Amino acid sequence: MENKSKRITAHLIPYKIINDEFFFFLQKRSDNAERHPDWFTIFGGGSESGETAEEAMLREIKEELNFIPNKYLYLGEYNDDYSISHYYISEVTNNFENNIKINEGAYGKFFSETEVKSEIKLTENNKNILKDLINKVKNI
């Protein structure tokens with residue numbers, strides 16, 4: 001197998017809690033997207049040369065959602081065969097969707113914990129990351 005360097009990515013998971021249930025704001029990728037076309041995924045993308053993971057996340061979220069989070073926490077680093085991905089989380093208000101503009105992908109949508117578990121167009125990797133978010137927030 002060819003030894004290629006892994007892509008470094010950074011992501012933000014906006015979430016809210018209503019009646020003790022978590023809701024996650026996810027991106028519906030366009031049907032012509034290079035990776036996971038027409039699937040749901042977590043907002044974010046590749047870092048540019050010299051950027052820290054945090055800088056990449058802030059730039060990507062500004063580009064994709066026209067949003068700058070006031071507060072966010074580092075969830076962790078996740079590795080697979082292709083990338084090293086850094087995930088951040090940010091609790092948002094109930095009117096979050098009124099304060100953003102989707103600039104990439106088809107649209108964004110809040111998913112409940114139950115919907116995440118049953119969504120067939122969401123990778124198992126992303127489902128596991130969202131489970132980690134719940135565990136982290138419950139232990140803060």
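At-a-glance table
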| quantity | calculated |
| --- | --- |
| Residue in the range 98-114 that is within 23 Å of I134 (Cα to Cα), β-branched (V, I, T) and in a loop (DSSP other than H, G, I, E, B) present | no |
| Failed item, numbered, when F111 is tested on (1) under 15 Å from H11 (Cα atoms); (2) at pLDDT 95 or above; (3) out of contact with any His (no Cβ under 9 Å at 6 or more places or on another chain) | (1) |
| Check on N99, without any contact (Cβ under 8 Å) to a residue 60 or more places away in the chain, of a type outside the set (F, W, Y) and touching a Ser or Thr at 6+ places or on another chain (Cβ under 9 Å) | yes |
| Whichever residue in the range 56-69 is in contact (Cβ under 8 Å) with a residue 12 or more places away in the chain and assigned to a helix (DSSP H, G or I) and, among such residues, is nearest to Y88 (Cα to Cα) | M57 |
| Whichever residue in the range 11-50 is under 10 Å from the mean Cα position of the chain (by Cα) and over 24 Å from K138 (Cβ atoms) and, among such residues, is surrounded by the most Cβ atoms within 10 Å (Cβ to Cβ) | Q27 |
| I100 more than 22 Å from R29 (Cβ to Cβ) and among the hydrophobic types (A, V, I, L, M, F, W, C) | no |
| Residues satisfying the stated conditions in the range 87-97, i.e. outside any helix (DSSP H, G or I) and either farther than 19 Å from H36 by Cα or in contact with a Lys or Arg (Cβ under 8 Å, 6 or more places away or on another chain) (or both) | Y88, I89, S90, E91, V92, T93, N94, N95 |
| Condition check for K127: part of a helix (DSSP H, G or I), under 15 Å from the mean Cα position of the chain (by Cα) and without any contact (Cβ under 8 Å) to a residue 12 or more places away in the chain | yes |
| Residue check for F43: within 19 Å of D132 (Cβ to Cβ) and touching a Lys or Arg at 6+ places or on another chain (Cβ under 6 Å) | no |
| One residue from S85, S5 being more than 20 Å from K127 (Cβ to Cβ) and hydroxyl-bearing (S, T, Y) | S5 |
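Rundown of residues vs (1) modelled with pLDDT of 95 or more; (2) not in a helix (DSSP H, G or I), yes/no style:
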{"site": "T9", "(1), (2)": "yes, yes"}
{"site": "I13", "(1), (2)": "yes, yes"}
{"site": "F25", "(1), (2)": "yes, yes"}
{"site": "D31", "(1), (2)": "no, yes"}
{"site": "P37", "(1), (2)": "no, yes"}
{"site": "E54", "(1), (2)": "yes, no"}
{"site": "Y78", "(1), (2)": "yes, yes"}
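Table: residues versus (1) in contact with a Ser or Thr (Cβ under 6 Å, 6 or more places away or on another chain); (2) of a type in the set (D, E).
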position: F43; (1), (2): no, no
position: E48; (1), (2): no, yes
position: Y72; (1), (2): yes, no
position: Y78; (1), (2): yes, no
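The values are calculated or read from the model by the stated rules, or taken from the named source; none is laboratory data. Predicted, not measured: the structure shown is a model, and the values here were computed from it. Here the Cβ is made from the backbone with ideal geometry for all residues, glycine too, and neighbour counts use every protein chain on show.
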